[in-house]
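Heads up, the thing below is written out as structure tokens.
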Number of protein chains: 2
Amino acid sequence: MITQINTHDRFKDNLEWVQRLLARHDYLLEKKAELRPDTIDSVNESSLRHVTEEIQERIKHLHAADIAHILEALPYAKRMRLWDFVSSAQDGDILLEVSDSVRESLIKAMNEGELLAAVESLDTDEMADLAPDLPQNVVSGVIKNLDDEERKQLHSAMSYDDDLVGSLMDFDVLRVRADVTCEVVLRYLRLFDDLPKHTDNIFVVDDDNTLKGILPIRRLLVAQPDTLVDTTMEKNIVFFQPDNKSEEAAQAFERYDLITAPVVNSLHKLIGRLTVDAMVDVIRETSDEDRLQMAGLKEEEDLFAPIIKSFKNRWAWIAINLATAFFASSVIQQFETAIAQLVALASLMPIVAGLGGNAGNQTITMIVRSLAMGHLQFAQAYPLWRKELGVALLNGLVWGALVGLITFIMYQDTALAVLIMVAITLNFMLAATMGVFIPMIMHHFGRDPAVGSSVLITACTDSGGFFIFLGLASAFLM
Amino acid sequence: MITQINTHDRFKDNLEWVQRLLARHDYLLEKKAELRPDTIDSVNESSLRHVTEEIQERIKHLHAADIAHILEALPYAKRMRLWDFVSSAQDGDILLEVSDSVRESLIKAMNEGELLAAVESLDTDEMADLAPDLPQNVVSGVIKNLDDEERKQLHSAMSYDDDLVGSLMDFDVLRVRADVTCEVVLRYLRLFDDLPKHTDNIFVVDDDNTLKGILPIRRLLVAQPDTLVDTTMEKNIVFFQPDNKSEEAAQAFERYDLITAPVVNSLHKLIGRLTVDAMVDVIRETSDEDRLQMAGLKEEEDLFAPIIKSFKNRWAWIAINLATAFFASSVIQQFETAIAQLVALASLMPIVAGLGGNAGNQTITMIVRSLAMGHLQFAQAYPLWRKELGVALLNGLVWGALVGLITFIMYQDTALAVLIMVAITLNFMLAATMGVFIPMIMHHFGRDPAVGSSVLITACTDSGGFFIFLGLASAFLM
């Protein structure tokens, strides 16, 4: 059978039948519950059995990633119902695919035996991914059943932070020596039942397991059988160490179009490999994280999480926002006399603040992005700042003049019109300055410039905008 | 030589020597210019030659992606200086790697002959990527020099929109028939000098070029030589059609961990393939685009673009922001009498608006993300809305009460304190409602929910917040 992938429609179809069959199953269960305990409705019983079998049969033919996708889209109660139907053989792979918060809910619903069975079907590097979310006794149980080699691998993988290459490498490496012929390599490969996933390279090592080069399968396939690995292999290679940042490794995969790459320790011994699928996840997760963090969400949120969990995920940034809002409010308070004299100031001040915030967000987004891609060094801050000031001046000239004109039409007050134009220009310049320097300075001190950038810049342009506009007004209009 | 990749440091080093050597070259050129026209300073001449050679030599050893990276990080004038040193053999690959705006600046600096030479070194699918940015006469020149097969490929690739699979597929496919043995396939492969990049599959077709299955290289390598392709190949495969959305293809690559996948036409004939490196670019670009668009940037911006270009890229959203800001301002204007009576309203109103904006951005970011990942269907809007209303109520209770308390301490006014608490809660609920429905409705009507989401939600919570707070105040406090 040839499968046509139309991700979107297929997912919709899957979600549709899952919900339909679950509803049918619910209905039959209810009907059964309505019967007196001692009666058996054989028609109902057999329908129930049929629906159960249909659900199980259909799930069995889905890819783990598709089941994970469906589980994530279902509200909590239905998700748990479906999870019961999933065969234990698929449990492990699905747990790897779902998001952290959904994984937590699924693991909670499993007993120790089920968890043990699910985890033991996985590779050691995959176990290491799940381990932090598992109960301690399950982890100990898993470790007890591993052989020495696997135990070492698991410990190694678990000893690295999430954002380091060491936590992402797998141990499925094919090794050959440089002094054998390609013919020998081909014969050696034929001894395997199956090669590791994504094998596009064979790693060439010496007797000491020191990495000497890589033998691309592409070259092996076209090489004459009697040529030596040594003359066929690639010696100019990209490799990583376990303490490299995974984000930088992902960028290297992207830049050099890699499929797999070796990971070596400080003595240049081959200890594992990175594969492109793990790197794709890193790229997706990093950009996702940045987006969530810019909006003030601590982490990926389960859409149907309990209200209290969502509250906890979101409270920190609302609290920060509250603090900056009170600061902006206190700036306005200083000028309450001016506002009392000229109430128009109160309706015009959000325009000054809002335009500055918009422009500041544009600048900061661009800078954060360039920093993340490694396009920007601290030394370039000054020319960049000058350029952004230029854009701010031009913005001030255009939008400031327009707002001034509208203000004049609305209030017939030339001084107020000129004043708001000047205030808008100055706030644009403040936005440009902060937009360049906040992320550059955060980056310079090793902080992630994405986190909080939007809230920080808005705080600056709000308070700054109110201060500039109301300050100028009290100085020149009162 | 084994190359250690440390993306970040290596890039810094490269940028450092490029700038140092360019500066030295500049200095020597200036010195030469200072001489009288008829004198030759042979020491200066030879230094100049040396620096030129060193720059060229070093560039030659860099990967095209690395050179592209450096070009993007250099201010305009220096970028053009470096571009002059790049050998024409590398030009084509570099043009493929740089961002659109940088590409435009590089192409402008090349004459027709140089462009023709650069483009002709590329594959037809790569030519199609560059074609829209090239002068018409260069494109015609390129087409004239292609053979029939290549011309057909180029036309096909150019006929699809940027966001469709057809524009991303390449034509480097290896085809075998199902009725030959694995031994024959291996011998056939050995006839090539080189296999296409990222070849992890060989495509199995019949005499009519209809796709029958794929033969993973992993299986070919472990198969016994005399087994038939037909029994070894995978028949349950993921394939695409040229009019599939590239974003959905990228999600399928991510979900099923693919390296390459076949592209077939409506008659199921094999016409090309997709490779993971193109999909990685799609993932990166989509998430990038979303981020830029949320901040109101039309497209990726060259950091050192002329001020007027940056202005043009950013003006549209500032204009929209201006319109919404004036609307919010007009809301405040309706309540100027209330503000004149109680100036504290002016300093407190940004708090109500700001908190709502923050919460609304959290909700909308989450929804936009789930929609992009296909986790969310229109039917789920109602339960989701109810949940978000719950979070909004809880937020209102906690933060509203806190703001109320602080307001009471500051102004000793119980009514004002209760009123701001109620206003904040109502604005949170407005934010939740808009945060759920704006993106859901945009998505339902086939619009990209990321574009403008942040500006739209902020406009709602600003105007809404002012209206609720000032409206309640005029109703109950005046």
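The values are calculated or read from the model by the stated rules, or taken from the named source; none is laboratory data. All values derive from a computational prediction rather than experimental measurement. Glycine also receives a Cβ, built like all others from the backbone with ideal geometry; neighbour counts cover every protein chain displayed. Remember, those area values only see protein heavy atoms, side chains included, never the ligands or the DNA or RNA. Shrake-Rupley method; radii C 1.70, N 1.55, O 1.52, S 1.80 Å.
Results for (1) at the interface with chain A (Cβ under 9 Å from one of its Cβ atoms); (2) touching a helix residue (DSSP H, G or I) at 6+ places or on another chain (Cβ under 6 Å), shown as yes or no for each residue.
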residue	(1), (2)
B:178	no, yes
B:181	no, no
B:186	yes, no
B:189	yes, yes
B:194	yes, no
B:200	yes, yes
B:205	no, no
B:213	yes, no
B:231	no, no
* To do: Given the conditions (1) within 33 Å of the chain's Cα centre (by Cα); (2) within 14 Å of chain B (Cβ to nearest Cβ); (3) without any contact (Cβ under 8 Å) to a residue 40 or more places away in the chain; (4) surrounded by 18 or more Cβ atoms within 10 Å (Cβ to Cβ), report the number of the one that residue A:154 does not fulfil.
  => (2)
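Would you say residue B:442 is more than 10 Å from every other protein chain (Cβ to nearest Cβ), assigned to a helix (DSSP H, G or I) and touching a residue at least 24 places away in the same chain (Cβ under 8 Å)?
no
Of all residues in region B:159-175, which are closer than 14 Å to residue B:272 by Cα and either open to solvent by less than 60 Å² (accessible area, probe 1.4 Å) or more than 14 Å from chain A (Cβ to nearest Cβ) (or both)?
Within region B:159-175, B:160, B:164, B:165, B:166, B:167, B:168, B:169, B:170, B:171, B:173, B:174, B:175 meet the criteria.
Condition check ((1) more than 30 Å from residue A:252 (Cβ to Cβ); (2) more than 28 Å from the chain's Cα centre (by Cα)) across all residues:
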| site | (1), (2) |
| --- | --- |
| A:374 | no, no |
| A:382 | no, yes |
| A:414 | yes, yes |
| A:424 | yes, yes |
| A:442 | no, no |
| A:465 | yes, yes |
| A:471 | yes, yes |
* Name the single residue, out of those in region B:332-344 being facing chain A (nearest Cβ under 8 Å) and open to solvent by less than 30 Å² (accessible area, probe 1.4 Å), that is nearest to residue B:460 (Cα to Cα). => B:332
* **Which numbered condition residue A:449 misses (of (1) closer than 26 Å to residue B:285 by Cα; (2) modelled with pLDDT of 95 or more)** => (2)
* Residue satisfying all of: in region B:215-229; within 34 Å of the chain's Cα centre (by Cα) and within 8 Å of chain A (Cβ to nearest Cβ); most open to solvent (accessible area, probe 1.4 Å) among these -> B:218
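Condition check ((1) part of a helix (DSSP H, G or I); (2) touching a helix residue (DSSP H, G or I) at 6+ places or on another chain (Cβ under 6 Å); (3) at pLDDT below 90; (4) over 28 Å from residue A:98 (Cα atoms)) across all residues:
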site: A:249; (1), (2), (3), (4): yes, yes, no, no
site: A:272; (1), (2), (3), (4): no, no, no, no
site: A:289; (1), (2), (3), (4): yes, no, yes, no
site: A:324; (1), (2), (3), (4): yes, yes, no, yes
* Counted residues, region B:128-150 - those being surrounded by 15 or more Cβ atoms within 10 Å (Cβ to Cβ), more than 15 Å from residue B:104 (Cβ to Cβ) and touching a residue at least 24 places away in the same chain (Cβ under 8 Å) -> 4
* Structure fact -> Those residues of region B:50-95 which are of a type outside the set (D, E, K, R), surrounded by fewer than 19 Cβ atoms within 10 Å (Cβ to Cβ) and within 18 Å of residue B:134 (Cβ to Cβ) amount to B:83, B:88, B:90
* Asked: Can you find even one residue in region B:139-150 that is over 32 Å from the mean Cα position of the chain (by Cα) and at pLDDT 95 or above?
  -> no
* To do: Could you please find all residues in region A:101-113 being in a helix (DSSP H, G or I), within 26 Å of residue A:301 (Cβ to Cβ) and either open to solvent by 50 Å² or more (accessible area, probe 1.4 Å) or free of Cβ contacts under 8 Å to residues at least 60 places away in the same chain (or both)?
  => A:103, A:104, A:106, A:107, A:108
* Run residue B:27 past the list (1) part of a helix (DSSP H, G or I); (2) exposed (fewer than 13 other Cβ atoms within 10 Å of the Cβ) and report the number of the one that doesn't hold. => (2)
* Does residue B:313 satisfy the criteria of being at the interface with chain A (Cβ under 7 Å from one of its Cβ atoms) and modelled with pLDDT of 75 or more? -> no
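Kindly indicate which of A:86, A:98, A:51 is within 14 Å of chain B (Cβ to nearest Cβ) and in contact (Cβ under 8 Å) with a residue 24 or more places away in the chain.
Result: A:98 is the single residue among A:86, A:98, A:51 that is within 14 Å of chain B (Cβ to nearest Cβ) and in contact (Cβ under 8 Å) with a residue 24 or more places away in the chain.
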